[in-house]
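Here's the structure, in structure tokens; my notes come after.
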Amino acid sequence: MFLRSVLLVAALAVAGAARAQSMPFQGYVEMPANLAPMVMGNQASEMLRQVNRKHAQGGASTLARAGGAPSGPHALAAAAAPDKRADLEARLTRVLAAWQQISTALQLPPDDVAGPVAACIAGSYMVVHDVDLPDADFVALVGQMRAVLQDNPRFTQASPAQRREMYEELAIIGTLLATGREAVRRGQAGPQAGEALRRNARTNLDRLLGQDADRAAIGEHGLAFR
């Protein structure tokens, strides 16, 4: 299962970083609104129809190579109080490192933005609907999101730095959504923390899928709309 793959690799990174907190990084699992147009925006169902018809092969690269120190943890930590930012950035950097291992375990191409995009969608979906996803369904979603990104000028025209920050932020958020849901299920987070997680996850789906979010389903062929 996708969740099991995340938890096996991320457990130490997230648990150690989140010690003495009600839930791992509560409040940092909502994706930045400016990233949604680089994926599907409010035209999700139409965009999926287009890429599913074309069965995109090859096309524009969706890779985002690291060019130095990670920028995603710094960007996400900027929302914290000034005296908390350095510590939070270090913790989020560990979560990003855990994602690199998760993507390797799932045999995803290194530095492919499609992986974190799929992780953010899958993690949000699992929280909102309280379901697990098989690895095969997640891998199908990654391939589908790769075609979506290749077909989106907002992404293909983004700078390498913008792509890399998008990769890192969504990788962190997707990992924290999956581990946060498990913390709620195990009683390691209270009802209020669980409700906040669900609100953040719902916001992510609304931003990524727009009005189609309520009709979304993830299965063996990836994302579809009922």
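The values are calculated or read from the model by the stated rules, or taken from the named source; none is laboratory data. Model, not experiment: these values are computed from the prediction. Backbone-built Cβ (ideal geometry, glycine too); neighbour counts: all protein chains shown.
Of note:
- Of all the criteria given as (1) more than 15 Å from the chain's Cα centre (by Cα); (2) at negative phi; (3) touching a residue at least 40 places away in the same chain (Cβ under 8 Å), the one not satisfied by P73 is (1).
- Filtered by the rule that a residue be part of a helix (DSSP H, G or I) and more than 15 Å from the chain's Cα centre (by Cα), region 80-92 gives P82, D83, K84, R85, A86, D87, L88, E89, A90, R91.
- Of the numbered criteria (1) among the hydrophobic types (A, V, I, L, M, F, W, C); (2) under 20 Å from T104 (Cβ atoms); (3) at pLDDT 90 or above, the one A178 fails is (3).
- Segments classed as helices (runs of 4 or more DSSP H), wholly inside region 104-175, with at least 2 members that are of a type in the set (V, I, T): 114-129, 135-150
Okay, residues lined up against (1) over 15 Å from the mean Cα position of the chain (by Cα); (2) modelled with pLDDT under 95:
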residue	(1), (2)
P134	yes, yes
F138	no, yes
A147	yes, yes
Q150	yes, yes
R154	yes, yes
Q157	yes, yes
A161	yes, yes
Y167	no, no
G174	no, yes
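- Some residue of region 116-132 being modelled with pLDDT of 90 or more, polar (S, T, N, Q), within 14 Å of the chain's Cα centre (by Cα) and within 24 Å of L76 (Cα to Cα): yes
- Matching residues, region 176-226, being out of contact with any helix residue (DSSP H, G or I) (no Cβ under 9 Å at 6 or more places or on another chain) and in a loop (DSSP other than H, G, I, E, B): R186, G187
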